[in-house]
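Have a look at the structure below, then the notes.
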Amino acid sequence: MREISLHILDIAANSISAGATTIKIEIEEDKESDTLLVRITDNGKGMSPEMITMVTDPFVTSRTERKVGLGIPLLKAAAEACNGCLSINSEAGNGTTVEVRFQLNHIDRMPLGDLVDTFLSLEVGTPEVHWIFRVRKDSNEFYFDDQGLKKELGDLPLSNPEVIRYLRSIFSSGINALELN
Ligand SMILES: Nc1ncnc2c1ncn2[C@@H]1O[C@H](COP(=O)(O)OP(=O)(O)OP(=O)(O)O)[C@@H](O)[C@H]1O
Ligand SMILES: [Mg+2]
C-alpha cells in the first residue's frame, strides 16, 4: 500500500470486524517532534496478549493453526522503515488501540492520501458505527463526532446525496484548512 489512508481503511475494517460500535481515528502531524501519528481506537472484542504477538509478528510465532492476515505487519514494516513504530494496546473484551508513528519528514514516508474520501467512505459505508475523526496539525485541529449529525438527521440516511455533499464539504473544508504535509 502506498498511502496511509489505505492502511487506515484496513485497520478500521479490523475494528468493524471486531464488532466495534464506536471507532475513533486520530491523526497528528507535529513539526516540532517531526512525527506523524495515527491512532485508531475501538470498543470491539479486543485481543489477548498472545493474539497481539501473533498479529504483529506473524513470522516469528510457532503457532500456525490460525490464519492471520498481513494488514498490521505491513503497516508496522512501513512505520519502522521511517524511524517509526506500531503498537497495539488491547484487552480481550475491552477494545483495541492501534498506534502508528512515522518520522514526518522521512524520505520514505508514505503520503497520507485522501483523508476526506477515507472518512466519508467509513462514515457513509458503516453508518451503524459511531465515528469520531480528529486531525491535528501542530496547534490546529479538525474534530468531527457524528453523534450530533445523526441525531439531527433522524430517519434521513447518511447515504442521502444531500447528506453526503454536506459531509464532504465539512470534511474537506476542515481538513484542507490544516494544510497537512
Ligand atoms: N481492532 C481489532 N480488534 C480485535 N481483533 C483485531 C483487531 N485488529 C486486528 N485484529 C485481529 O488481528 C488479525 C490480523 O489483522 P490484520 O489486519 O493484520 O489481518 P487480517 O485483517 O486478518 O487480514 P488482512 O490482511 O485482510 O487485513 C485479525 O484477523 C483479527 O483477528
Ligand atoms: Mg485487516
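The values are calculated or read from the model by the stated rules, or taken from the named source; none is laboratory data. Keep in mind that this is a model prediction, so the values were computed, not measured. With ideal geometry, Cβ positions are generated from the backbone for all residues, glycine too; neighbour counts draw on all protein chains shown.
For region 13-56, give me each residue that is part of a helix (DSSP H, G or I), near ligand 1 (Cβ under 9 Å from one of its atoms) and not β-branched (V, I, T). Residues satisfying the conditions are A13, N14, S15, S17, M51, M54.
Checking the structure you have, find out if any residue of region 24-43 is β-branched (V, I, T), under 17 Å from T126 (Cβ atoms), in contact with a Phe, Trp or Tyr (Cβ under 6 Å, 6 or more places away or on another chain) and within 16 Å of ligand 2 (Cβ to nearest atom). There is at least one residue in region 24-43 that is β-branched (V, I, T), under 17 Å from T126 (Cβ atoms), in contact with a Phe, Trp or Tyr (Cβ under 6 Å, 6 or more places away or on another chain) and within 16 Å of ligand 2 (Cβ to nearest atom).
Scanning for something assigned to a loop (DSSP other than H, G, I, E, B), within 30 Å of P157 (Cα to Cα) and touching a Pro at 6+ places or on another chain (Cβ under 9 Å), does region 69-79 turn up at least one residue? No, the conditions are met nowhere in region 69-79.
Filtering region 1-19 to residues that are more than 13 Å from ligand 2 (Cβ to nearest atom) and modelled with pLDDT of 95 or more leaves E3, I4, S5, G19.
Note on region 104-140: residues that are in contact with a helix residue (DSSP H, G or I) (Cβ under 9 Å, 6 or more places away or on another chain) and in a strand (DSSP E or B) amount to 5. Here is a check on your reading of the model: is S169 assigned to a helix (DSSP H, G or I) and hydroxyl-bearing (S, T, Y)? Answer is yes for this residue.
Out of L74, L158, one residue alone is in contact (Cβ under 8 Å) with a residue 24 or more places away in the chain, buried (at least 16 other Cβ atoms within 10 Å of the Cβ) and of a type outside the set (F, W, Y). It is L158. Of all residues in region 93-103, none satisfies being over 17 Å from the mean Cα position of the chain (by Cα), more than 18 Å from I16 (Cβ to Cβ), among the small types (G, A, S) and in a loop (DSSP other than H, G, I, E, B). Can you pull out the residues in region 1-12 that are within 12 Å of ligand 1 (Cβ to nearest atom) and assigned to a loop (DSSP other than H, G, I, E, B)? Within region 1-12, just M1 meets the criteria. Modelled with pLDDT under 95, farther than 25 Å from D138 by Cβ and crowded, with 16+ Cβ neighbours inside 10 Å: does that describe T64? No.
From the set of residues in region 77-93 that are over 19 Å from M110 (Cβ atoms) and either more than 10 Å from ligand 1 (Cβ to nearest atom) or at pLDDT 95 or above (or both), which is surrounded by the fewest Cβ atoms within 10 Å (Cβ to Cβ)? The qualifying residue surrounded by the fewest Cβ atoms within 10 Å (Cβ to Cβ) is G93.
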